[in-house]
Amino acid sequence: MKKFLVILALALCGSAAFAQTVPAPKYSEIKGNYSVKNYVKSDVDPYQVFWIGLGSFAVPGSGQLIMRETKRGWMFLGGSMVIDMAASIAGTNQIMKSVQKVGDSYQVVDQNALKTGHTVIAVAALAQVGLAIWSCIDAVNVAKVKNMYYQDLAGKKHSVSTDLHPSVNYAYTGEGLKAAPGMTFSVQF
């Protein structure tokens with residue numbers, strides 16, 4: 001799991017590093033000029049749509065922050081934090097009301113409070129997943145619109161693009177043909 005998170009962080013950082021080559025206008029300024037439905041991936045795209053979306057799903061608002069859409073990013077990140085804090089406070093309070101210390105152990109004394117606490121935490125978890133999905137979709141749309149803006153500028157500026165994807169190669173060993181899974185990182189100038 002740690003390797004996956006490191007690869008994800010490197011991909012997001014690589015995407016952000018190349019995105020800084022041309023100053024981009026804010027999404028709100030250019031969204032009326034482009035339709036997400038018309039997006040076609042190009043070598044000049046500074047934002048890797050998949051990685052931006054995955055990052056925003058993992059940490060709501062992170063994709064927007066990488067693309068310098070700070071208000072959008074902080075709104076998603078703040079919303080996620082508010083959901084977590086509200087669930088922690090309300091759910092924990094209800095669960096603590098439901099138990100009582102008897103000797104060296106705890107016993108449930110109020111089943112309704114326990115169910116309410118668990119319900120609050122479950123609803124917060126669903127809200128968190130919904131927010132993560134919303135953040136992911138928003139980040140992908142913002143990335144596509146900004147990429148189309150860069151595609152329009154491509155004729156005026158040199159481009160660099162990166163790509164990171166899983167790969168499987170085959171190698172001959174002393175035991176015969178073996179699969180060699182790995183990650184391929186490519187840079188195109």
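The values are calculated or read from the model by the stated rules, or taken from the named source; none is laboratory data. Everything quoted here is computed from the prediction, not taken from an experiment. Note that we place each Cβ from the backbone using ideal geometry, even for glycine, and neighbour counts take in every protein chain shown. Side chains are part of the model used for accessible areas, which takes the heavy atoms of the whole protein and leaves out ligands, DNA and RNA. Shrake-Rupley method; radii C 1.70, N 1.55, O 1.52, S 1.80 Å.
Out of the residues in region 21-47 that are touching a strand residue (DSSP E or B) at 6+ places or on another chain (Cβ under 7 Å) and not hydrophobic (A, V, I, L, M, F, W, C), state the one that is most open to solvent (accessible area, probe 1.4 Å). Restricting to residues being touching a strand residue (DSSP E or B) at 6+ places or on another chain (Cβ under 7 Å) and not hydrophobic (A, V, I, L, M, F, W, C), the top hit is D43.
Among the conditions (1) modelled with pLDDT under 90; (2) not in a loop (DSSP other than H, G, I, E, B), V44 misses just one, which is (2). Screening the candidates I121, I133, I66, I89 for the property of being open to solvent by 70 Å² or more (accessible area, probe 1.4 Å), touching a Phe, Trp or Tyr at 6+ places or on another chain (Cβ under 9 Å) and not polar (S, T, N, Q) yields one hit, I133.
Remark: pairs (first residue in region 96-113, free of Cβ contacts under 8 Å to residues at least 12 places away in the same chain; second residue hydroxyl-bearing (S, T, Y) and open to solvent by 100 Å² or more (accessible area, probe 1.4 Å); Cβ separation under 9 Å; 6+ apart in sequence or on different chains) = Q100/Y106.
Within region 136-156, the set of residues being open to solvent by 70 Å² or more (accessible area, probe 1.4 Å), within 21 Å of the chain's Cα centre (by Cα) and basic (K, R) is empty.
Counting only strands (runs of 3 or more DSSP E) wholly contained in region 76-189, the ones carrying 2 or more residues that are over 23 Å from V59 (Cα atoms), among the β-branched types (V, I, T) and in contact with a strand residue (DSSP E or B) (Cβ under 9 Å, 6 or more places away or on another chain) occupy 176-188.
Scanning for something at pLDDT 85 or above and of a type in the set (A, V, I, L, M), does region 95-114 turn up at least one residue? So far as region 95-114 goes, no, none of its residues is at pLDDT 85 or above and of a type in the set (A, V, I, L, M). Quick one: in region 92-118, of everything that is touching a helix residue (DSSP H, G or I) at 6+ places or on another chain (Cβ under 6 Å) and of a type in the set (G, A, S), which residue is surrounded by the most Cβ atoms within 10 Å (Cβ to Cβ)? Top of the filtered list is G117.
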